[in-house]
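The values are calculated or read from the model by the stated rules, or taken from the named source; none is laboratory data. This one's a predicted model, so the numbers in the text were calculated from it and none came from an experiment. All Cβ positions, even for glycine, are placed from backbone atoms using ideal geometry, and neighbour counts span all protein chains on display. Side chains included, ligands, DNA and RNA excluded: accessible areas come from the protein's heavy atoms. Shrake-Rupley method; radii C 1.70, N 1.55, O 1.52, S 1.80 Å.
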Amino acid sequence: MKATMILSSTKLVNTKSTFFAGLALAMLSSTCFAYGAAHWGYEGKVGPSNWGSLEKEFATCKVGQMQAPIDILTKAAAPASAPIAAKYKASAGEIINNGHTIQVALPDEGSAILSGTDYKLLQFHFHTPAEEKVDGKGYPFNAHMVHKSADGKLAVIGILFKEGNENKSLKDIFANMPSKEGKVALKSNFDASSMLPSSLAYYSYAGSLTTPPCSEGVSFYILKAPVELSKNQLNAFQKVFKMNARPLQPLNGRKITQSS
Ligand SMILES: [Zn+2]
């Protein structure tokens, strides 16, 4: 939802009259509030196969050629030279149920250097099952850490989760996530480094937002090493969101790279 609003308001900057732009923005905001989660979803008429037809602004979901998520075919992955340098720090934040996922918004979390560019971490959120696959192998859960560079480019670090031990880093988030649309403050400051596996080796590809409006130009860095969460934690999330993963999208000749 946030991305929709940002992109739509960017388009409106070009409108000749600021009055009408303001009015349109106000109407857009009320539309967002009025329809909320019913706007689009993961099943039925508002499900992924129909996203591109639901709204004019969602057309890229249907016609885009660089869509995410994808199945990462590791054999074809060419070497990428730059390792990820994570420079996160503990930040206060909010746990948000936005009707599509649980998102943790972190206003002062620091940044990561991705392919030589500094990207500020804005938020991370979850999908079940994991959206990306690796050589056809699926995972029950993933986190997408959404970053933005000073010139407005988006980059996502993806963490795959397998079932195993309780994930201590996410314990407070899981214990306090709102079951209905709404938000609560994090009980204590959160350091995103605590969520990362020890190796930051990754697969990278050029993709899109995996939710409407499916805007392209998003760089993905999917970490090779999965981390763990417990069956109880997975169940707790799935009680709130049974399934919130977009199906795999065609690669369309895109190159996948990897770091070691
Ligand atoms: Zn995501």
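How fast does the stretch 59-258 diffuse by Stokes-Einstein, in µm²/s, taking the Kirkwood radius from C-alpha pairs at 37 °C and 0.692 mPa s? Walk me through the intermediate numbers first.
Numbers: Rh = 17.0 Å.
Result for D is 194 µm²/s.
Just order 124-137, 65-78 by mean Cβ neighbour count inside 10 Å, highest at the front, would you? Write down the numbers at each step before the final one.
Working: 124-137: 19.7, 65-78: 17.0.
So the order, starting with the most tightly packed, is 124-137, 65-78.
On average, how much accessible surface per residue is there in the stretch 59-258, in Å², for a 1.4 Å probe, leaving out ligands, DNA and RNA?
Numbers: 8630 Å² over 200 residues.
Value returned for the stretch 59-258: 43 Å² of accessible area per residue.
Carbon and sulfur atoms: what percent of the 1.4 Å accessible area of the chain do they account for? Can you show the working numbers first?
Details: 7270 of 12720 Å².
C and S fraction of accessible area: 57 percent.
What length, rounded to one decimal in nm, is gained on full extension from residue 62 through to residue 228, with 0.36 nm per residue of separation minus their alpha-carbon distance? Don't skip to the end; give the middle numbers.
On the way: separation 166, 0.36 × 166 = 59.76 nm, distance 3.36 nm.
Answer, rounded to one decimal: 56.4 nm.
How much length, in nm to one decimal, is gained on full extension between residue 166 and residue 94, taken as 0.36 nm per residue of separation minus their Cα-Cα distance? Present the calculation step by step, with values, prior to reporting the outcome.
On the way: separation 72, 0.36 × 72 = 25.92 nm, distance 2.17 nm.
Taking 0.36 nm per residue and subtracting the Cα distance, the gain is 23.7 nm.
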